[in-house]
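Chemist: Here it is, the structure, as structure tokens.
The values are calculated or read from the model by the stated rules, or taken from the named source; none is laboratory data. This one's a predicted model, so the numbers in the text were calculated from it and none came from an experiment. Note that each Cβ is placed from the backbone with ideal geometry, even for glycine, and that neighbours are counted across all protein chains shown.
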Amino acid sequence: MKKTVALLCGGVSPEHEVSMNSARNIYKAIDKKKYDVAVIGVSRSGQWLHLPEDEFLQLASIETGNVGFPLMLLPGEELVIQYRPVGKSQFTVQNSHFPKVDVVFPIIHGPFGEDGTLQGMLALLGLPFVGANTLGASVGMDKDFTKRLLQDAGILVAPWVTLRKHETIDYHSIVQKLGYPMFVKPANMGSSVGVSKAETLEELIEAIHLAFKFDAKILVEQGLKGREIETAVLGNIEDLQVSGVGEIVMEKGFYDYDSKYISPDAAKVVIPAEDVSEKDVENIRETALRAFQVLGLEGLSRMDVFLLDDGRVFVNEPNTLPGFTNISMYPKLWMQAGMSYPDLIDRLLTLALERHQRDFALQRTRF
Ligand SMILES: Nc1ncnc2c1ncn2[C@@H]1O[C@H](COP(=O)(O)OP(=O)(O)O)[C@@H](O)[C@H]1O
Ligand SMILES: [Mg+2]
């Protein structure tokens with residue numbers, strides 16, 4: 001029987017547009033013979049809207065009020081129903097029917113999409129969904145928690161210090177511990193938003209100021225000199241697959257927002273990565289797999305690492321809902337491994353349903 005996928009996109013994070021772009025690609029790749037698709041757009045202000053297909057395909061971003069039909073959630077019932085505001089805090093339920101959802105594909109990057117909040121809500125609604133569960137998503141989004149867990153498991157991560165907004169910063173000890181260059185980043189963000197490289201004390205102060213605009217907790221990391229390698233993990237905990245490796249090659253500078261989305265020529269995505277020895281590839285894949293397990297992830301994650309000249313592999317970060325734009329590394333790595341983009345999407349939906357079945361089968365009463 002045909003199932004209905006709710007594709008959730010947009011969101012309140014600065015990665016709103018990236019999400020819309022990823023969602024369009026996923027929408028096109030979903031096998032419409034197997035699945036009906038209902039698109040739920042989350043506006044920049046956080047409102048949930050049912051978007052008709054033609055509107056969704058045209059939209060670069062969702063502003064409340066100009067598109068779609070507002071939705072509300074009914075835990076324990078169907079996912080959502082449409083409503084119409086009829087005054088201050090007054091609503092009427094619309095008759096038009098939002099389909100009953102079988103599985104959700106949340107493709108909202110960054111805070112309130114990739115950080116466990118949305119996952120917790122979908123779990124509460126009792127719906128199968130693609131990607132990490134609540135805990136994995138939260139841990140994987142927080143660079144400070146990610147690094148502490150990986151370090152505890154003996155996986156290499158760049159030395160760092162965590163700073164909180166209310167604390168007095170001892171610049172001298174940071175410089176002494178890490179040395180220049182350093183990378184400064186918000187603890188919970190993505191797409192390099194708020195990330196800067198600092199090579200002097202002046203730049204460090206500026207970088208810290210910028211990162212604190214995006215998060216009350218930030219990281220200052222030792223800058224690593226290595227190749228930026230990415231690999232893709234796919235599967236639930238019982239059965240994990242790891243792809244080959246790709247490389248981000250920069251002409252100059254680092255992989256910032258601009259080189260990711262605005263001037264894509266600044267960064268070359270090379271798949272498979274060239275001139276990486278078989279031993280290094282195996283080490284990277286093995287490290288990625290272990291990191292995925294240590295962080296309690298499921299479904300999918302792109303694993304970003306640095307490969308140093310001496311062969312050591314440092315994990316930079318997991319991306320539990322990586323980009324799915326047509327230039328994105330995660331789907332490209334699977335295509336390189338022989339899996340088409342539509343097959344990948346189908347596999348992710350199947351994994352979501354399988355995990356739900358596994359977890360839903362658990363006993364919920366004491367006897
Ligand atoms: N410790 C580091 N050493 C060298 N380069 C780094 C380091 N941390 C980050 N970078 C560069 O900054 C980019 C963005 O940092 P990252 O931690 O991946 O943030 P985001 O989650 O926003 O992608 C990386 O892709 C890399 O180019
Ligand atoms: Mg990154």
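Chemist: Which is over 25 Å from residue 3 (Cα atoms) and either modelled with pLDDT under 95 or within 16 Å of ligand 1 (Cβ to nearest atom) (or both), of 363, 336? Talk me through it step by step, then tell me what you get.
Modeler: Details: 336 fails: either modelled with pLDDT under 95 or within 16 Å of ligand 1 (Cβ to nearest atom) (or both).
The conditions single out 363.
Chemist: Of the conditions (1) within 15 Å of ligand 1 (Cβ to nearest atom); (2) touching a residue at least 12 places away in the same chain (Cβ under 8 Å), residue 200 fails just one. Which one is it?
Modeler: It is condition (1) that residue 200 fails.
Chemist: Right, another one. What residue, of 210, 178, is out of contact with any Leu (no Cβ under 6 Å at 6 or more places or on another chain), buried (at least 20 other Cβ atoms within 10 Å of the Cβ), outside the structural domain of residue 346 (by TED's automatic domain parsing) and over 26 Å from residue 301 (Cα atoms)? Steps first, answer last, please.
Modeler: Working: 210 fails: buried (at least 20 other Cβ atoms within 10 Å of the Cβ).
Within the list 210, 178, the selection yields 178.
Chemist: Quick one: would you say residue 233 is among the β-branched types (Val, Ile, Thr), assigned to a strand (DSSP E or B) and either buried (at least 20 other Cβ atoms within 10 Å of the Cβ) or not assigned by TED's automatic domain parsing to the domain that holds residue 333 (or both)? So that I can check it myself, show each step before the final result.
Modeler: Values: among the β-branched types (Val, Ile, Thr): yes; assigned to a strand (DSSP E or B): yes; either buried (at least 20 other Cβ atoms within 10 Å of the Cβ) or not assigned by TED's automatic domain parsing to the domain that holds residue 333 (or both): yes.
In short, yes.
Chemist: Sticking with this one: Among the residues of region 236-259, count how many are buried (at least 22 other Cβ atoms within 10 Å of the Cβ) and within 11 Å of ligand 1 (Cβ to nearest atom).
Modeler: So the answer is 0.
Yes or no, residue by residue, for (1) without any contact (Cβ under 8 Å) to a residue 60 or more places away in the chain; (2) surrounded by 14 or more Cβ atoms within 10 Å (Cβ to Cβ):
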site: 266; (1), (2): yes, yes
site: 269; (1), (2): no, yes
site: 279; (1), (2): yes, no
site: 282; (1), (2): yes, no
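Chemist: How many residues are within 15 Å of ligand 2 (Cβ to nearest atom) and in contact with a Lys or Arg (Cβ under 8 Å, 6 or more places away or on another chain) when one looks only at region 267-291? Reasoning before the result, please.
Modeler: Applying the first criterion (within 15 Å of ligand 2 (Cβ to nearest atom)) to region 267-291 yields 267, 269, 288, 291.
Still in the running and in contact with a Lys or Arg (Cβ under 8 Å, 6 or more places away or on another chain): 267, 269.
The total comes to 2.
Chemist: Let me ask something else. Determine which member of the set 207, 232, 211, 216 is within 11 Å of ligand 1 (Cβ to nearest atom) and among the small types (Gly, Ala, Ser). If you could, list the steps in order and put the result at the bottom.
Modeler: Values: 207 fails: within 11 Å of ligand 1 (Cβ to nearest atom); 232 fails: within 11 Å of ligand 1 (Cβ to nearest atom); 216 fails: within 11 Å of ligand 1 (Cβ to nearest atom).
Exactly one of 207, 232, 211, 216 is within 11 Å of ligand 1 (Cβ to nearest atom) and among the small types (Gly, Ala, Ser), namely 211.
Chemist: Using beta carbons and a limit of 7 Å, which pairs, at least six apart or on different chains, have the first residue in region 49-62 and within 14 Å of residue 38 (Cβ to Cβ) and assigned by TED's automatic domain parsing to the domain that holds residue 99 and the second one surrounded by 13 or more Cβ atoms within 10 Å (Cβ to Cβ) and among the hydroxyl-bearing types (Ser, Thr, Tyr)?
Modeler: 49/43
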